[in-house]
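The values are calculated or read from the model by the stated rules, or taken from the named source; none is laboratory data. Not measured: the values here are computed from a predicted model. Heads up, the Cβs are rebuilt from the backbone with ideal geometry, glycines too, and the neighbour counts pull from every protein chain shown.
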Amino acid sequence: MTRERSVGISVYGRTAKDIRELSIAADEAGFDALWLGEHIVLPLDYRTEHPMIDESGYKHIAGPLLTTETELVDPWTSLGAAAGATTRLRVATGVTVLSLRHPLFTASAAATLNEISNGRFLLGVGVGWLREELRRSEARLKVATVEPSRRLRSSV
């Protein structure tokens, strides 16, 4: 069985307008998907290392992933704009930090985005990797302090 290859774009640190324009160009160029990550708080003094390390120990990201210059856009509204501006490009959260979201709000947003995109939405979820963001987000959102992986399991 031969698998068809799929080529997507993972976008981070761009404005919502840039993401919309990029999605149009990607759709026209034949890319298969546009993936947007999510961070809702930018802790300037974070020390947590990004966990992207392959089997050999090679780090895919050198230096800080987030800086004061990083644009933090809402992936849901940005993907909605991308879906509305394209005809075949799949739009995806890569990843949304489900442990920081109420599951009913997430389900509603995902269903709406799937409808807007005519079924082209892909939901990528995770627990988050940036401990400082998780702590600050929970304090600001007044979310009960629960281990993120346990909250993810209960949200799914």
Here is a check on your reading of the model: is ALA85 in contact with a strand residue (DSSP E or B) (Cβ under 6 Å, 6 or more places away or on another chain), surrounded by 13 or more Cβ atoms within 10 Å (Cβ to Cβ) and at pLDDT 95 or above? no
Residues that are modelled with pLDDT of 95 or more, exposed (fewer than 12 other Cβ atoms within 10 Å of the Cβ) and either in contact with a Pro (Cβ under 8 Å, 6 or more places away or on another chain) or of a type in the set (Ser, Thr, Tyr) (or both), drawn from the range 15-61: none
Within the range 2-13, work out how many residues are without any contact (Cβ under 8 Å) to a residue 60 or more places away in the chain, surrounded by 15 or more Cβ atoms within 10 Å (Cβ to Cβ) and in contact with a strand residue (DSSP E or B) (Cβ under 9 Å, 6 or more places away or on another chain). 3
Could you please tell me which pairs satisfy a Cβ distance under 6 Å, a separation of 6+ or placement on different chains, a first residue in the range 88-110 that is over 13 Å from LEU122 (Cα atoms), and a second residue that is in a helix (DSSP H, G or I) and hydroxyl-bearing (Ser, Thr, Tyr)? LEU98/SER155; LEU100/SER137; PRO103/SER155
Under the condition of being part of a helix (DSSP H, G or I) and of a type in the set (Val, Ile, Thr), which residue from the range 91-120 is surrounded by the fewest Cβ atoms within 10 Å (Cβ to Cβ)? THR112
Which one of LEU79, LEU123, LEU72, LEU130 is surrounded by 12 or more Cβ atoms within 10 Å (Cβ to Cβ) and modelled with pLDDT under 80? LEU130
